[in-house]
């Protein structure tokens, strides 16, 4: 059984899939889909779309088949009629996972909010330093890559390519609460060094020599 965080309808949501429910509760996936569609027939479009999210998966024969993601409330509604001691244990295990993931997501969202203020501070420091003009309007992305390479050994472009993200996707959705905190600490350090008049070359040498993981971890 697996509860995971996914970005659906432009929001990060903790969900489980109809495939996972079928496997865990030892039911045919087509029967789980039928139950979900039965729920859909009893709800308004807005009510249903707040609980279930359409998706698809590739079967072993390469064919794409329908599936659903569901949030905690959708899951609860779906499995309400599943009975027996084994089913009850599985329900409790899923609820426990949802609780744990909610705490993780809550912490991540808090760090994301903090990160907005930190990035604004870094942007202001870059503007005041004149670095952006010297780097032909590439200063922010250059410093971001410096932070990512020191912390994770990869550039923003590499992260996007590895995870199939476009430039429109928010790269920071990939990072955990701990990673986001490290990035924020690193960006605050960069802002402070720029405030003391350090240029990119000096900051890069300092960061790569000291290792941001040791400084900002």
Evaluate segment 124-134: report whether one residue or more is closer than 30 Å to residue 101 by Cβ, assigned to a helix (DSSP H, G or I) and at pLDDT 85 or above. no
Cβ-Cβ below 7 Å, separation at least six or inter-chain, first residue in segment 27-40 and under 16 Å from residue 73 (Cα atoms), second outside any helix (DSSP H, G or I) and at pLDDT 95 or above: which pairs? 36/52; 36/68
Can you find a residue that is outside the structural domain of residue 170 (by TED's automatic domain parsing) and over 26 Å from residue 170 (Cβ atoms) anywhere in segment 4-17? no
Leading residue by the ranking (surrounded by the fewest Cβ atoms within 10 Å (Cβ to Cβ)) among those in segment 135-144 that are part of a helix (DSSP H, G or I) and over 19 Å from the mean Cα position of the chain (by Cα): 141
Sole miss for residue 117 among (1) under 25 Å from the mean Cα position of the chain (by Cα); (2) surrounded by 12 or more Cβ atoms within 10 Å (Cβ to Cβ) is condition (2)
If I ask for residues that are farther than 14 Å from residue 192 by Cβ and under 29 Å from the mean Cα position of the chain (by Cα), which ones from segment 120-131 would you list? 120, 123
State which residue pairs qualify: first residue without any contact (Cβ under 8 Å) to a residue 12 or more places away in the chain and inside segment 115-132, second residue in a helix (DSSP H, G or I) and surrounded by 13 or more Cβ atoms within 10 Å (Cβ to Cβ) in any location, beta carbons under 7 Å apart, and separation of 6 or more residues or different chains. 132/126; 132/139
Checking the condition free of Cβ contacts under 8 Å to residues at least 24 places away in the same chain, surrounded by fewer than 16 Cβ atoms within 10 Å (Cβ to Cβ) and in contact with a strand residue (DSSP E or B) (Cβ under 6 Å, 6 or more places away or on another chain), which residue from 86, 63, 106, 58 passes? 58
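The values are calculated or read from the model by the stated rules, or taken from the named source; none is laboratory data. Keep in mind that what you see is a predicted model, and the values were worked out from it rather than measured. Cβ coordinates were reconstructed from backbone atoms using ideal geometry, including for glycine residues, and neighbour counts include every protein chain displayed.
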